[in-house]
Amino acid sequence: MLWELNRYPQIDDALFAELGRIAGLKRADARKVAPTLKKLLQCRNVGLTMATAILRFINPAVFQTMNRRNFHVVLGSEEEYPDPPAKLTPAFLDRVCDCYFRYLEALRELTGDGFDFEVADRMLYQVDKASGRKLS
C-alpha cells in the first residue's frame, strides 16, 4: 500500500475479515462501519486517507477516499481537516468518524445525478489541485 515509502499497514486477520463483510454494505448502513474505521485508524502505518482508501477499494458505491484536497473541496469552508494528535484518543476517533460520514453525505449531495459517486474522490482531488491551493 505504501510501497513508495517502504511502509506497510499492519492489519490483523480479524480486521481483514471484518473489512470483507463491508463489501455488500448498502449506502444507508455506511455509519455502521464506524467501529471498523476506528480499528483501521489505530493500525500502524494507517492514517485517515489510507483507511478511507481501503474502505473505498472494498465498496466504492458506498465509500470514497477522504484526503486533504477532497476534504477542502467538500467541507473545507466548514471546518479544518482532522489532523491526528500525538496519541489517538477515543474522542478524536469519534470526531474523525463523524467528519468522514458527514463528508460522504456532502459528497453524495454534490454528486447528485450529474456525477458518478464512485469516481468523485478522484475528480475532487484534481479540482483542488488545479486551483493551485498549497497544502499546509
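The values are calculated or read from the model by the stated rules, or taken from the named source; none is laboratory data. Keep in mind the model is a prediction, meaning the values are calculated, not measured. Because the Cβ atoms are built from the backbone with ideal geometry, glycine has one as well, and the counts that use them run over all protein chains shown. The protein model used for the area step is the full one, side chains on, heavy atoms only, and it has no ligands, DNA or RNA in it. Shrake-Rupley method; radii C 1.70, N 1.55, O 1.52, S 1.80 Å.
Within the set of pairs 6+ apart or on separate chains, which have a first residue in the range 36-50 that is of a type in the set (Lys, Arg), a second that is not in a helix (DSSP H, G or I), and C-beta atoms under 8 Å apart?
Sorted first by the residue in the range 36-50, then by its partner, the pairs are Arg44/Pro9; Arg44/Gln10.
Has the range 82-89 got at least one residue that is surrounded by fewer than 17 Cβ atoms within 10 Å (Cβ to Cβ), modelled with pLDDT of 85 or more and of a type in the set (Asp, Glu)?
There is at least one residue in the range 82-89 that is surrounded by fewer than 17 Cβ atoms within 10 Å (Cβ to Cβ), modelled with pLDDT of 85 or more and of a type in the set (Asp, Glu).
Which of (1) closer than 24 Å to Gln10 by Cα; (2) free of Cβ contacts under 8 Å to residues at least 40 places away in the same chain; (3) over 11 Å from the mean Cα position of the chain (by Cα) does Leu93 not meet, given it meets every other one?
Every condition holds for Leu93 apart from (2).
Name the residue that is modelled with the lowest pLDDT, counting only residues in the range 16-61 that are of a type in the set (S, T, N, Q) and in a helix (DSSP H, G or I).
Thr49
With the structure loaded, tell me whether Arg68 is open to solvent by 70 Å² or more (accessible area, probe 1.4 Å), modelled with pLDDT under 90, of a type outside the set (Ser, Thr, Tyr) and touching a Phe, Trp or Tyr at 6+ places or on another chain (Cβ under 6 Å) or whether it fails that test.
yes
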